[in-house]
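What follows is calculated from the coordinates using simple rules that are stated; it is not laboratory data. Predicted model, so just to flag it, every value in this text is computed and none were measured. Here the Cβ is made from the backbone with ideal geometry for all residues, glycine too, and neighbour counts use every protein chain on show.
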Ligand SMILES: Nc1nc2c(c(=O)[nH]1)N[C@H]1C(S)=C(S)[C@@H](COP(=O)(O)O)O[C@H]1N2
Ligand SMILES: [Mo]
């Protein structure tokens, strides 16, 4: 009986773990699924930003730029010419979506560091934001701080 219970708990744990992935797709050289293990292997950074509660917090996670470069989103890491019509669409578990233009996450264009965070002040994000939330320091509105991110796709704006 205990064995069956244990097996059931394992299955539920594995199912929830596999749900915590972010699909990186679209107009990239190498689409991939960002697993928890892979996320943790990427360089972890912390940024300070004022949250929607009006207080400053320390958010920890991985730069969106690094997540995209793993997908070879920007050939030769040269963001110019036709690449400047590209943007990323961030999607959430509740189907919420927001876009971020590539120069906003490119260190040749800006010192601002946008991250896909999994921690606020050293603790896992609140349930309504976990496992990952986009953190954009310095924004006056929080509509693009997408919570419960499930997918990021790179798209090209067209007329
Ligand atoms: N997944 C998801 N993320 C979201 C939203 C949403 O509806 N769904 N709303 C956005 C808006 S408009 C705001 S103001 C903030 C609110 O975040 P809070 O609930 O942590 O204050 O989340 C942003 N991220
Ligand atoms: Mo909002």
With R₀ set to 22 angstrom, the calculated FRET efficiency between the beta-carbons of residue 77 and residue 38, to the nearest 0.05, is 0.65
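Only bridges whose two residues both fall in segment 21-156 count here: according to DSSP, what percent of them are antiparallel, nearest 5? Walk me through the intermediate numbers first.
Working: 31 of 35 bridges.
Around 90 percent of the beta bridges assigned by DSSP in segment 21-156 are antiparallel ones.
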To the nearest 10 degrees, the tilt of helix 2-19 (Cα long axis) against the first principal axis of the alpha carbons of the chain is 10 degrees
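Ignoring everything except DSSP H segments at least 4 long, calculate the 222 nm mean residue ellipticity for the chain; use -39,500 (n - 2.57) per segment, divide by total residues, nearest 500.
Details: 3 runs with 30 residues, N = 159.
Mean residue ellipticity, 222 nm, calculated: -5500 deg cm²/dmol.
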With the label point 7 Å along the Cα-to-beta-carbon line of residue 58 and a cut-off under 15 Å to each amide N, the hits in segment 124-159 are 124
Relative contact order of the chain (C-alpha contacts under 8 Å, at least 6 apart) in percent is 27 percent
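Could you work out how much longer the chain between residue 50 and residue 110 gets when fully extended? Use 0.36 nm per residue separation minus the Cα distance between them, nm to one decimal. Write down the numbers at each step before the final one.
On the way: separation 60, 0.36 × 60 = 21.60 nm, distance 1.87 nm.
Separation in residues times 0.36 nm, less the Cα-Cα distance, equals 19.7 nm.
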Which of 62, 134, 45 fluctuates most in a GNM of the chain (C-alpha springs under 10 Å)? That residue is 45
Quick note on 53, 121, ordering by fewest other C-beta atoms within 10 Å, gives 53, 121
